[in-house]
Every structure is written in C-alpha cells, then in structure tokens.
Amino acid sequence: MFSNKILIQAIDYQKTLFDNSYSAAAALQEQGNRLMDTALKNTAALPDGSKKVCSYWMDFVKQNQENYKAYVDTGFDKARAFFETASPAPAKKAAVKTAAKAK
C-alpha cells in the first residue's frame, strides 16, 4: 500500500536539518556582522563613505539571508502540502484487474 506518511516524515526531517544548519550559519553571520560593526566604529582612519558602504553591505547580506530562508521554507511547505493531498494512482488497481481477467 502506498503511504505518504514516510515521505512527509522525510520532508519534515529535511526541514529540521535545514533549520538547524541555517541557524548555525546565521549565528556565524551575526557574529561576523558584530565584529565588522565594532571594527568600523573603532577605526578612525576609515572614511565615513567606506563605513556606510560596509554597513549597507551587511544589511544587504542579512536581508538576502532572510529572503533565502523564506524561499526554502515556502518550498518545504509546498512539498509537504503536495504529499499530504496526493493519493495513490488508480493505475495499479486497473492493472491488477486486467491481469486477473487475462487468466
């Protein structure tokens, strides 16, 4: 018998794995942003324009990181919804009936 439960569990497992990996990468990125921010504030020799560019870049990376997470979460949700609503194909039953009639 065809069961979507195993597929849904596999998707949930992969989503949990992604969430944990993403959290670790996001924590490293946040630490890097804090270090960069501290370095920019404490460096007097760096022009203000360069500081603004670096701050803009950090914000840009963070926003894209959040967008990436949202896209992947949407993909996982769509995959899970697909398998929750999917039903076994009736072709197997028809093939069995046809084979029984041939005998």
Checklist outcome for this item: Fraction of alpha-carbon pairs in segment 5-85 farther than 19 Å apart, rounded to whole percent, equals 53 percent
Checklist entry - Relative to the present Cα-Cα distance, how much length would full extension add between VAL53 and ILE6 at 0.36 nm per residue of separation? => result 12.1 nm
Next on the checklist: Less than 15 Å Cβ to Cβ from TYR56, Lys/Arg counted +1 and Asp/Glu -1: what total charge do the surrounding residues give?
Outcome noted: 0
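Readers should treat all values here as calculations from the given coordinates under stated rules, not as data from a laboratory. Treat the numbers as computed from the prediction; the structure is a model and nothing was measured. We place every Cβ from the backbone using ideal geometry, glycine too, and count neighbours over all the protein chains shown.
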